[in-house]
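First up is the structure itself, then whatever we jot down about it.
The values are calculated or read from the model by the stated rules, or taken from the named source; none is laboratory data. If you're wondering where the values come from, they're calculated on a predicted model, not measured in any experiment. Cβ placement follows ideal geometry from the backbone for every residue including glycine, while neighbour counts extend to all protein chains displayed. Quick note on the areas: whole protein, heavy atoms, side chains included, nothing else; ligands and nucleic acids left out. Shrake-Rupley method; radii C 1.70, N 1.55, O 1.52, S 1.80 Å.
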Amino acid sequence: MLIKRYIVNNMNEAMVRIRYELGSNAIIISQRKVRKPGIKGLFASKMIEVTAAVENSEKPQSLNVNKNNALQNKVQEILKNKPVQRKSEVSNIEVPKQRTVIEEKKEASAFKKDNIETSELIKEMKDMKNIIEKMAHKEDIIEISESEKQITKILEDNDYDNDVIQWMVAEYKNKFDDNDENYIDNLKSIIRDKIDIENVEINGKMILVGPTGVGKTTTIAKLAGKLALIDKKKVGLITIDTYRIGAVEQLKTYAEIMNIPFKVVITLKDMDEAMEEFKDCDVILIDTTGRSSKNTMQISELRAFVDKVKTDNISLVISSTTKNRDIEPIINGFKSLNYRNVIITKLDETTVYGSIINILFKCNKPVKFFTIGQNVPDDIKLLSKEKIIDLSLGEDNIC
Ligand SMILES: Nc1nc2c(ncn2[C@@H]2O[C@H](COP(=O)(O)OP(=O)(O)OP(=O)(O)O)[C@@H](O)[C@H]2O)c(=O)[nH]1
Ligand SMILES: [Mg+2]
């Protein structure tokens, strides 16, 4: 008997090959799905392994039914793996050999080898993917010019915010040639465009709002001192800060020292009365409670008083020591109070002044004053644009 195994794509192909090679009397004794051998087989679709048999002592075409039956019986015996009854008959049959332990081990190690090769192949594919990605990415990388490197470094060294740096670098590229050696002057011109100074004489009502402890009350005292003692203006002082213990006394003490009238406002009605009382003053300075920009309740409470005063001369007081990432929330948190300008305090408490530009850039409002210490009334200043630029680039300092 002749037994032959075929690896085919489908049964049709198997039938054609079996008929052609073994004749029409061949019978199929088994079929199963298999993978192609080797690594490639892992990625290919499955094939069919068909085992067919035919009696080889006879011409395939002349096999009669009985012989066919005998053949089938033998095949059944082989398939069932039973010992064959008649040795003489068995010796003539080419049966698939039983797999020995060694063969199984060989197969296992071949499988293991296949696995190792597969993982190596996957690794190689991953490496190639990385290389391709890097190459694709390389096309996006734009050469950074020397001037861009330099200005980025100066801005970073002076604590400019990342957003501001990015904007400035983009603006620089738009406006100037990369090879221009005057990059510092070019940079200064960009910064200059971002600075607006409100140099307007103070008259009428002025309100200071801002986060806690930034120097609102001290700044009010400084302004009151300058306006009353130097400019000889008639000044009235109001505080609505009855929230913090000692807040009233703080401003009251300054008012007494400078001999300036002072009113405490607790209710909205009090505010009307205080306004009426100070109607003859040239300037009315109003101090408010420090509020967290995150507390919208407190901000809207404050807004009721601010609205009552009816002035557009509202200053947001913000410290130059504020962390970069806190500047924007503060600016946005107080937006509902419609402040017109900013007062930047505590310049004496920092060594880098990029925060000035960060604040001005983010709020897009003019700066009214800077404060540079605790002394009342001296430590309040109006700085020129050039001074602000030089400070912010580390070319000058507050002495
Ligand atoms: N170094 C320095 N300290 C300042 C400056 N301005 C104010 N201070 C100090 O900062 C602290 C807080 O000042 P205040 O004026 O009470 O601040 P505030 O914003 O009114 O505070 P609250 O009313 O609690 O929100 C005080 O110790 C001030 O002396 C300044 O320009 N430089
Ligand atoms: Mg205060």
Between residue 332 and residue 5, what is the label-to-label distance in nm when each label sits 7 Å out along the Cα-to-Cβ direction?
7.0 nm
Picking from 147, 168, 189, whose Cα lies most toward the positive end of the charge dipole for the stretch 146-192 (charges on Cβ: Lys, Arg +1; Asp, Glu -1)?
189
Residue-normalised accessible area of the stretch 267-399, given per residue in Å² at a 1.4 Å probe:
45 Å²
Keeping all protein chains in place, calculate the accessible area per residue for the stretch 146-192 (probe 1.4 angstrom), answer in Å².
56 Å²
Between the modelled labels at residue 130 and residue 374 (7 Å from Cα along Cα→Cβ) the distance in nm is 5.7 nm
FRET efficiency for residue 264 and residue 162, using Cβ-Cβ distance with R0 set to 56 Å, rounded to 0.05:
0.80
What's the FRET efficiency of residue 301 with residue 197 using the Cβ-Cβ distance as r and R₀ = 41 Å, to the nearest 0.05?
0.85
Distance in nm between label sites at residue 396 and residue 249, each 7 Å beyond Cα in the beta-carbon direction?
4.0 nm
So for each of 334-342, 281-289 I average, over its residues, the number of other beta carbons within 10 Å; can you give me the resulting order with the highest mean first?
281-289, 334-342
Given R₀ = 41 Å, FRET efficiency for residue 28-residue 121 by Cβ-Cβ distance, to 0.05?
0.70
Please report the carbon-and-sulfur percent of the accessible area for the stretch 163-289; probe 1.4 Å, protein heavy atoms only, DNA, RNA and ligands left out.
47 percent
Need one value: the accessible area of residue 192 in square angstrom, 1.4 angstrom probe, rounded to the nearest 10.
80 Å²
